[in-house]
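The values are calculated or read from the model by the stated rules, or taken from the named source; none is laboratory data. In this text, all values refer to a predicted model and were calculated from it rather than measured experimentally. All Cβ positions, glycine included, derive from the backbone under ideal geometry; neighbour counts span all protein chains shown.
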Amino acid sequence: MPVPSYLIDSNILVRWLQPRDADFPVIEASLLYLIEQQADLCYTSQNVAEFWNACTRPIDRNGFGLTPEEANRRASLFETRLRLLPDSPTLHWKWRRMLLDYRISGIQVHDTRLVAAMLVHGVRRILTLNAKDFLRFDQVQAVHPKDVRKS
């Protein structure tokens, strides 16, 4: 049986390192389950950028107010555990085609880029708190942490 691959969405990465977050228990349980199943857990440079943005943004602007040094320390924790899906010209042009094919605008460009990375690297699942954001992309399966054992 092949080992499943999952892209770990930025909203998961941010909360995975925040034990006081309300979503932490379900996220931790789902990630531990995937690790036990020897799933291939992945991230992209974009995930790191989004993670860094959320971590270092001021608390009064819906961020965590961390210093760049603390954001770096926390990013290093998942970078050593997960596999990086590298950027490439192939990924860029796949994403550009998808922007037109799916008529993407506004903030949706970010999720589209994650899906492009998944498709280029053969990853078909994304672990996310916002599964609805990926419904338009029938080539991938968005999995909420509470549904990991069902996927």
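Points to keep in mind about this one:
- Residue in region 7-16 that is without any contact (Cβ under 8 Å) to a residue 24 or more places away in the chain and either within 22 Å of A131 (Cα to Cα) or assigned to a loop (DSSP other than H, G, I, E, B) (or both) present: no
- Scan of region 90-142 for residues that are part of a strand (DSSP E or B), touching a residue at least 40 places away in the same chain (Cβ under 8 Å) and of a type in the set (A, V, I, L, M), ordered by number: I126, L127
- Verdict on H121 being under 16 Å from I12 (Cβ atoms), surrounded by 12 or more Cβ atoms within 10 Å (Cβ to Cβ) and either of a type outside the set (S, T, N, Q) or at pLDDT below 95 (or both): no
- Matching residues in region 44-64 - criterion: being surrounded by 14 or more Cβ atoms within 10 Å (Cβ to Cβ), more than 17 Å from the chain's Cα centre (by Cα) and not in a loop (DSSP other than H, G, I, E, B): T56
- Selection of region 65-76 for residues being surrounded by fewer than 14 Cβ atoms within 10 Å (Cβ to Cβ) and either assigned to a strand (DSSP E or B) or of a type outside the set (D, E) (or both) yields G65, T67, P68, R73, S76.
- Residue match in region 77-84 (condition: touching a residue at least 12 places away in the same chain (Cβ under 8 Å), in a loop (DSSP other than H, G, I, E, B) and more than 30 Å from Q139 (Cβ to Cβ)): no
- Residue list for region 28-61, filter: at pLDDT below 95 and under 16 Å from H110 (Cβ atoms): A54
- Of the set (1) touching a Cys at 6+ places or on another chain (Cβ under 8 Å); (2) at pLDDT below 95, all apply to I107 but (1).
- Applying the condition of being under 26 Å from Q38 (Cβ atoms) and not small (G, A, S) to region 88-118 and asking which residue is surrounded by the fewest Cβ atoms within 10 Å (Cβ to Cβ) yields L91.
- Restricting attention to region 32-43 and to residues that are touching a residue at least 40 places away in the same chain (Cβ under 8 Å) and in a helix (DSSP H, G or I), the residue that is nearest to I126 (Cα to Cα) turns out to be L34.
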